[in-house]
Each structure stands twice: as C-alpha cells, then as structure tokens.
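The values are calculated or read from the model by the stated rules, or taken from the named source; none is laboratory data. Bear in mind that the values here come from a model prediction, so they are computed numbers and not experimental data. Note that each Cβ is placed from the backbone with ideal geometry, even for glycine, and that neighbours are counted across all protein chains shown. We work out accessible area using only protein heavy atoms, side chains counted, and drop any ligands, DNA or RNA first. Shrake-Rupley method; radii C 1.70, N 1.55, O 1.52, S 1.80 Å.
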Amino acid sequence: MKTLIHNIGQLLTLNPAADGLGESIGMAVLIQDERIVWIGETQEVDSGRADVVIDARGGLVTPGLIDSHTHAIFAGNRANEFEMRLQGKSYLEIAASGGGILKTVEATRQASAEELYALTRKRLLRMLSYGVTTVEVKSGYGLDFETERKCLRVLRQLQSDLPMTIVPTYMGAHDIPPEFKGRTDDYVDLLCQEYIPAVAAEGLAVFCDVFCEQGYFDVAQSRRILEAARQHGLHLKVHAEEFCELGGAELAGELRATSADHLLHIGEKGIAALRAGGAVATLLPGTAFYLRLEQYAPASALIAAGVPVALATDFNPGSCAIDNLQLIMSLACLQMNMTLSDVLKGVTRHAAKAVGLEADRGYLAVGSRADLVLWDALDYQELLYYVGRNPVRGVVVSGTYFSREQLEAQSLSETTP
C-alpha cells in the first residue's frame, strides 16, 4: 500500500547527511508499506500514485520520537512517596524505609500477566499519542526469575499487538531482591549463571541493564553482570552516576556499552570513557525534576566532548512518574540549557542509536522506516514554546496513520485492573 503525506509546511529529516536538522519547506513524503520511497516537493506530487493521502495542512513533520529509557511495565503505584518527598525525604531514605523499587516489586510479583498487559498497553498508547513511535521498556520490578520472565513475555505480546516498536531490556539487576538482603554477590551469581542465560535463550530481551550505584550493585558486580550478558548475546546498558560518581560511566565506556544513562554526577574521566567507547549518554532530566534534585546531568560538557546525547522519560512509578517525552524535551532546554537542535536530535537520531536502531529510524530518508509525527505547529521552534501542551496532530507508525484523537480515545477506553 502507498501512503502520501503532502502539503508539509516544514519538514525536518534529521538526516545525518543533511545540514542542521535537514529543514525544507513545501515537501511531500511517499511511503510504500513500511518504508519511505520518495521525498520531494509537494508541487511534484501526483496524488493518484497513493492509496491513502494525508494532508499535513502546512504543518511541521518530523521523524517519530524515540523514548530510549523507560520502566513502563509494573503494577501498583507509589503515590505516597510523592508526599514523602514533599516532606523532605530523599530517594535513598524512602527506599531504606521500605519504599522504593522493592515496594513495586511486591505489587508486580502479585500481578497476573493479564493485569500487566492491560496496564502497560494503556501506558504505551498514551506515549504514542505524544509522538513516541519506538520505546525501550525495562523489566526489573520482579527480580525473581518467574516475574521477570512474565514481564518480558508480556512485552513480547504487546509488540505483536501494538503498532509501535518495543525494545525489551532485561534488568534483573535493578535492585537486590529482599530474599537476598546482605547476599548481593550470591544474587549476582544467580543472575550470571541462570537468569541471564535463560532470558537470552528464550530471546526475551535485546539489552541487559544494571543499576551501578552505591547501595545497589558496585562496579565489580556490575562488570560481572554485563560481561555475562554480552557472553550470551545481549547488548549492554548501564544506570550510572545517578547519585554519586561511582565509576559506572567508565565501565560503560570500557565495555563499549550501547548507552550509559542518568549521569548526573559524571566526571571528566567518565565523559572521556563514553566518547572512547562510543556509548550514547542518555539523559533523564525528568528524574532530577521529579526528585527535586539541585543537580542535572552536564549535557553541555557531554555534547562539547562529542558524546551523542539522547533524552528519555525514565517513566517509572517512583522517581519519575512522567510519561510525556515532550515535557522531558522542555526540561532539557530549561534546566540543562540544551538547544532545540540538540533536543530534537536527542529524541530521534541519538535515541535511535541508544536502542541500537539507528540504521533505519530517527531520521527520514528514502529507505528509512516510515515513522513520522505530524504536528499542529508551523515551525519546530513552536514545539516546546507552549510547555505542557501536546501539539501532535497524528503519527505514522510503520506506514500507518493514527490521529491523536484515535490514540487518546483508545487509551481512555482501555480497561485496567
């Protein structure tokens, strides 16, 4: 089937071969099945060439957005912790008092696969309505193998049922399970010898991630986990330098991880290691904002050093209950002094690299995957001007068009347990 998008006011291709953002005016895009087959001026178009014709109404069109770091599959919520933070409790203090990740672990272990499917489907549809056509989703709220496998199998089913691309990440090393309290090395042994091989054998994940942080997994333990994952064919990600400079970024660079994420406390050695190792720095300003931290990741220093910087929501039930990638883009500008150009690259080209899909998405060109966003804006400078407003008019996912109204209605109509 052929789909034509015409009457595009401003087109941003984000094509690495183009200057700047690849801006052009008065353009059209022809799609055949799942791929772009032609880009040119609207006046050159013969609309009879297409089975479906979409009028962009003189608006902005960009590549589909990519949210490259989320924890979107979980049960329950931690709304009480929001109030605790307002009373001055820190993330680590809340965790030490019985809250945090382990509270969500308990709820997720008790949830059925059907419940997790319904909850996660609704969340992902909402993300799609914000223009996200590719999303990475981590497990990590089970920690025991049965629950982790349950979550990853639900993600596999959702990938079959939803139009967007879901990139699954195994994060059994999100925290130490309560049954292994005081025995972290024993849990690391289990991860390396049993859990990671089983996840890889069933093809349930593309990446393996580890929370390399004080009080969770130290650098040596993280190294063991990541090396075991690589041995079994999984690509690597690292939660690094979120609350202190521990050395996770240097480890990510050394092991040539695909990305190192958070990085609020990264130093010069860590930045140099990421650049040398070719890792993407995935920054999550929503978490610093949500936790009311004084420090954000040093985006300018990373960009100046030549490290590709991606942006993501870190959507999760405790430290960042924000599922709107557009809001994250605004925070990156307002709190980390990133330019609009750097922000747009951070949710397209660089985010695609952060999930290992830079070959065919994150930019628009002949042959690339037909994931696009049609915006109710004439120019990209308008996108973040109205903070908190969703200017998405519609999305094209793998060549199929969905209006924002369709997606919002479907999300609202979804029943959740």
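Data table
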read-out	value
Members of the stretch 157-179 that are assigned to a helix (DSSP H, G or I) and out of contact with any Asp or Glu (no Cβ under 9 Å at 6 or more places or on another chain)	157, 158, 159, 160, 161
Cross-chain or 6+ apart pairs with Cβ under 8 Å, the stretch 189-201 first and farther than 17 Å from residue 220 by Cα, then in a helix (DSSP H, G or I) and of a type outside the set (A, V, I, L, M)	194/145; 195/145; 195/148; 198/145; 198/149; 199/148; 199/149
Test: residue in the stretch 178-187 that is among the β-branched types (Val, Ile, Thr), open to solvent by 20 Å² or more (accessible area, probe 1.4 Å) and under 30 Å from residue 255 (Cα atoms)	yes
Options 367, 318, 356, 306; residue that is free of Cβ contacts under 8 Å to residues at least 40 places away in the same chain, in a loop (DSSP other than H, G, I, E, B) and either closer than 30 Å to residue 233 by Cβ or open to solvent by less than 10 Å² (accessible area, probe 1.4 Å) (or both)	306
Residue pairs meeting the criteria (Cβ under 8 Å; at least 6 apart or on separate chains; first open to solvent by 50 Å² or more (accessible area, probe 1.4 Å), in the stretch 371-394; second in a loop (DSSP other than H, G, I, E, B))	376/59; 376/391; 378/58; 378/59; 382/391
Options 57, 85: the member that is part of a loop (DSSP other than H, G, I, E, B), among the charged types (D, E, K, R), in contact (Cβ under 8 Å) with a residue 40 or more places away in the chain and farther than 17 Å from residue 148 by Cα	57
Residue within the stretch 124-138 that is over 22 Å from residue 353 (Cα atoms), in contact with a Ser or Thr (Cβ under 7 Å, 6 or more places away or on another chain) and surrounded by fewer than 21 Cβ atoms within 10 Å (Cβ to Cβ) present	yes
Neighbours by Cβ (under 8 Å, 6+ apart or cross-chain): first from the stretch 99-111, among the aliphatic types (A, V, I, L, M); second open to solvent by 30 Å² or more (accessible area, probe 1.4 Å)	101/95; 102/95; 102/178; 105/178; 107/76; 111/76; 111/119; 111/417
Condition met for residue 341 (over 30 Å from residue 294 (Cα atoms), of a type in the set (S, T, N, Q) and modelled with pLDDT of 95 or more)	no
Sole residue being free of Cβ contacts under 8 Å to residues at least 40 places away in the same chain, of a type outside the set (Ser, Thr, Tyr) and either within 26 Å of residue 319 (Cα to Cα) or surrounded by fewer than 24 Cβ atoms within 10 Å (Cβ to Cβ) (or both), chosen from 215, 253	253
Some residue of the stretch 190-210 being open to solvent by 40 Å² or more (accessible area, probe 1.4 Å), under 19 Å from residue 146 (Cβ atoms) and aliphatic (A, V, I, L, M)	yes
Residue that is surrounded by the fewest Cβ atoms within 10 Å (Cβ to Cβ), among those in the stretch 284-303 that are aliphatic (A, V, I, L, M) and more than 18 Å from the chain's Cα centre (by Cα)	301
Out of 37, 29, 61, sole residue that is open to solvent by 50 Å² or more (accessible area, probe 1.4 Å), under 28 Å from the mean Cα position of the chain (by Cα) and modelled with pLDDT of 95 or more	37
Hits in the stretch 1-43 - residues which are within 20 Å of residue 401 (Cα to Cα) and charged (D, E, K, R)	2, 33, 34, 35
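The rows are residues; the columns are (1) at pLDDT below 95; (2) in contact with a strand residue (DSSP E or B) (Cβ under 9 Å, 6 or more places away or on another chain); (3) under 17 Å from residue 388 (Cα atoms).
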| site | (1), (2), (3) |
| --- | --- |
| 266 | no, yes, no |
| 283 | no, yes, no |
| 305 | no, no, no |
| 308 | no, yes, no |
| 314 | no, yes, no |
| 318 | yes, no, no |
| 321 | no, no, yes |
| 326 | no, yes, yes |
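The rows are residues; the columns are (1) at pLDDT 95 or above; (2) among the β-branched types (Val, Ile, Thr).
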{"position": "146", "(1), (2)": "yes, no"}
{"position": "154", "(1), (2)": "yes, yes"}
{"position": "158", "(1), (2)": "yes, no"}
{"position": "165", "(1), (2)": "yes, yes"}
{"position": "174", "(1), (2)": "yes, no"}
{"position": "178", "(1), (2)": "no, no"}
{"position": "181", "(1), (2)": "no, no"}
{"position": "187", "(1), (2)": "yes, no"}
{"position": "234", "(1), (2)": "yes, no"}
